[in-house]
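Contents: one structure, followed by commentary.
The values are calculated or read from the model by the stated rules, or taken from the named source; none is laboratory data. Predicted model only: the values in this text are computed from it and were never measured. Quick reminder, even Gly has a Cβ in these numbers, built from the backbone with ideal geometry, and neighbours come from all protein chains shown. The accessibility values were calculated without ligands, DNA or RNA, using every heavy atom of the protein model including side chains. Shrake-Rupley method; radii C 1.70, N 1.55, O 1.52, S 1.80 Å.
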Amino acid sequence: MNDPNCIFCKIASGEIPAKKLYEDDDVFAFHDIRPQAAVHFLIVPKEHLPSLYDAGMSQLRPLGKMLALAGELARKEGAADGFRAIINTGRVGHQEVYHLHMHVLGGPEPLGPMLQRRK
Ligand code: 5GP
Ligand code: ZN
């Protein structure tokens with residue numbers, strides 16, 4: 001089920017350390033190693049799915065939990081006034097790690113526009 005070469009599978013198994021803030025049978029959450037906002041963590045399914053392209057009806061439980069936990073964990077981490085959830089997917093989405101994950105980014109400072117506008 002898991003990919004021995006995958007960095008997030010290794011974090012899931014504890015082989016690579018990370019600052020975990022949540023874990024259950026389906027998902028886990030940990031701080032991003034290169035934070036891009038005051039609050040920046042990732043919510044990740046334990047099952048190795050390369051990207052959101054690979055998710056389907058068989059993964060409703062972990063997918064649902066990723067959304068269901070975002071607000072609660074964001075508040076706990078100090079983003080009480082709003083946050084953004086992002087799932088980068090594939091080449092066009094600038095995905096770097098090919099194990100599905102959702103970024104949760106939050107304030108206190110506003111995050112700015114979602115994407116830079118094209119000139
Ligand atoms: P992507 O572009 O794939 O959506 O983002 C991958 C994210 O994973 C990046 O923000 C990067 O900083 C984070 N990341 C990559 N390797 C590690 C790691 O070993 N530990 C942690 N905590 N985060 C990582
Ligand atoms: Zn993986």
Sparsely packed trypsin sites (Lys or Arg not before Pro) within the range 24-117, loop by DSSP, other Cβ within 10 Å at most 11: Arg91, Arg117
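Which FRET efficiency value, to the nearest 0.05, do you get for Glu72 and Leu115 by plugging their Cβ-Cβ distance into 1/(1 + (r/R0)^6) with R0 = 35 Å? Present the calculation step by step, with values, prior to reporting the outcome.
Details: r = 27 Å, r/R0 = 0.76.
Computed FRET efficiency for Glu72 and Leu115 comes out at 0.85.
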Rounded tilt (10° steps) of 60-77 against the dominant C-alpha axis of the chain: 40 degrees
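Distance check, please: which entries in Lys10/Lys119; Lys19/Lys65; Lys46/Lys119 exceed 30 angstrom between their Cα atoms? Could you put the intermediate results ahead of the total?
Details: Lys10/Lys119 41 Å; Lys19/Lys65 19 Å; Lys46/Lys119 40 Å.
Exceeds cut-off: Lys10/Lys119; Lys46/Lys119.
Please identify the longest segment of the chain free of exposed GluC sites (Glu not before Pro), where exposed means a DSSP state other than H, G, I, E or B and no more than 13 other Cβ atoms within 10 Å.
Details: sites that count: Glu15, Glu96.
After excluding every exposed loop site, the longest remaining stretch is 16-95.
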Of Ala70, Ala29, Ala18, the one that fluctuates the most in a GNM where the chain has Cα springs shorter than 10 Å: Ala18
Dipole magnitude of the range 7-106, debye to nearest 20 (Cβ charges: Lys/Arg +1, Asp/Glu -1, about Cα centre): 180 debye
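Over the chain, with the other protein chains present, what is the accessible area per residue in square angstrom, probe 1.4 angstrom?
Values: 7970 Å² over 119 residues.
Solvent-accessible surface per residue comes out at 67 Å².
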